[in-house]
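Q: Quick one: the structure is below, questions incoming.
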Amino acid sequence: ELEELDAAGFKDWTRNDYSRFIKSAEKNGRDKLNDIAEDLLGTKTLEEVTTYSEAFWRLGPTHIGDWEKVSKKIEEGEKKIAEKSEMATLLTSKVKSAGDNPWDNLTLKYGNNRGKLFNEEEDRFLLCMTDKLGYGRWEELKREVRLRPEFRFDWLFKSRTPIELGRRVDLLIRVIRSENNSKEKGSKKQKVEHDE
């Protein structure tokens, strides 16, 4: 697979560069060439990465033996990026919808997803702080939980790992998504009834 690309004029790209290119395209998306160049540890310039990327996507289907596997990996990574972006957008819109002080006013319609390990104040904090820090920054979220004076005696909450906090935020964003879906269904139903 790499030999064919070598023949096309990429003799200075090693198998290691090829692997890093694919992993970086999966992590950052195929269009984030600056990030891909950075992930290649300074061994390639942006211009070299751009040229390689164009040849990779143009010639890959005919020249790379496991093209299906490679391209599917990158596409799955891009789906994760899009999902992460959607979750961040949902979170931001929910926090903004709570008015001037979402730290006190943010409410959720839990349904059956309330859980017993977190209370409403903790959930509100997790959502507002994740919005402030950025989605996916679980280590920093954990640090903020530990530093907050309002949780100084809440040992269970303070003992949560970054992964557990991230999972809770993901669950809360799914609650927000279902809340939004319910609102959309309700407004569509009202519109239909109004039109009749």
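The values are calculated or read from the model by the stated rules, or taken from the named source; none is laboratory data. Everything numeric in this text was worked out from a predicted model, so none of it was measured. Methodologically, a virtual Cβ is constructed for each residue, glycine included, from the backbone with ideal geometry; neighbour enumeration extends over all protein chains shown. Quick note on the areas: whole protein, heavy atoms, side chains included, nothing else; ligands and nucleic acids left out. Shrake-Rupley method; radii C 1.70, N 1.55, O 1.52, S 1.80 Å.
Q: Can you run down the residue pairs with Cβ atoms below 8 Å, 6 or more apart or on separate chains, where the first is in region 120-144 and under 15 Å from Lys84 (Cβ atoms) and the partner is outside any helix (DSSP H, G or I)?
A: Once the first residue is under 15 Å from Lys84 (Cβ atoms) and sits in region 120-144, its partners that are outside any helix (DSSP H, G or I) give Thr130/Arg137.
Q: Next up: Confirm whether Val95 is assigned to a helix (DSSP H, G or I) and touching a Pro at 6+ places or on another chain (Cβ under 6 Å).
A: Numbers: assigned to a helix (DSSP H, G or I): yes; touching a Pro at 6+ places or on another chain (Cβ under 6 Å): yes.
Yes: the conditions hold for Val95.
Q: Filter region 114-142 down to the residues that are open to solvent by 70 Å² or more (accessible area, probe 1.4 Å) and over 20 Å from the mean Cα position of the chain (by Cα), then identify the one that is nearest to Gly99 (Cα to Cα).
A: Let us first name the residues in region 114-142 that are open to solvent by 70 Å² or more (accessible area, probe 1.4 Å), namely 114, 116-117, 121, 132, 137, 139.
When the remaining residues are screened for being over 20 Å from the mean Cα position of the chain (by Cα), the result is 114, 116-117, 121.
Values: Arg114: 23, Lys116: 27, Leu117: 27, Glu121: 17 Å.
Applying the filter and picking the extreme gives Glu121.
Q: Shifting gears a bit: What's the number of the condition Leu40 fails, among (1) touching a Lys or Arg at 6+ places or on another chain (Cβ under 7 Å); (2) under 30 Å from Ile173 (Cα atoms)?
A: Status for Leu40: all satisfied but (2).
Q: Would you mind stating whether Leu141 is in a helix (DSSP H, G or I) and either modelled with pLDDT of 90 or more or not β-branched (Val, Ile, Thr) (or both)?
A: Answer is yes for this residue.
Q: Which condition from (1) farther than 17 Å from Asp104 by Cβ; (2) open to solvent by less than 70 Å² (accessible area, probe 1.4 Å); (3) touching a Lys or Arg at 6+ places or on another chain (Cβ under 7 Å) is the one that Arg146 breaks?
A: (2)
Q: While we're on this one: How many residues are open to solvent by 50 Å² or more (accessible area, probe 1.4 Å) and either in a loop (DSSP other than H, G, I, E, B) or among the hydrophobic types (A, V, I, L, M, F, W, C) (or both) if we restrict to region 15-65?
A: Summing the residues that are open to solvent by 50 Å² or more (accessible area, probe 1.4 Å) and either in a loop (DSSP other than H, G, I, E, B) or among the hydrophobic types (A, V, I, L, M, F, W, C) (or both) in region 15-65 gives 10.
Q: Among (1) acidic (Asp, Glu); (2) in contact with a helix residue (DSSP H, G or I) (Cβ under 6 Å, 6 or more places away or on another chain); (3) at pLDDT 90 or above, which single condition is Glu4 missing?
A: (3)
Q: Between Gly60, Gly65, which is free of Cβ contacts under 8 Å to residues at least 12 places away in the same chain and small (Gly, Ala, Ser)?
A: On the way: Gly65 fails: free of Cβ contacts under 8 Å to residues at least 12 places away in the same chain.
Every option except Gly60 fails the conditions.
Q: If you don't mind, there's one more thing I want to ask. Tally the residues that are closer than 16 Å to Gly166 by Cβ and surrounded by 15 or more Cβ atoms within 10 Å (Cβ to Cβ), restricting the search to region 82-94.
A: Count: 4.
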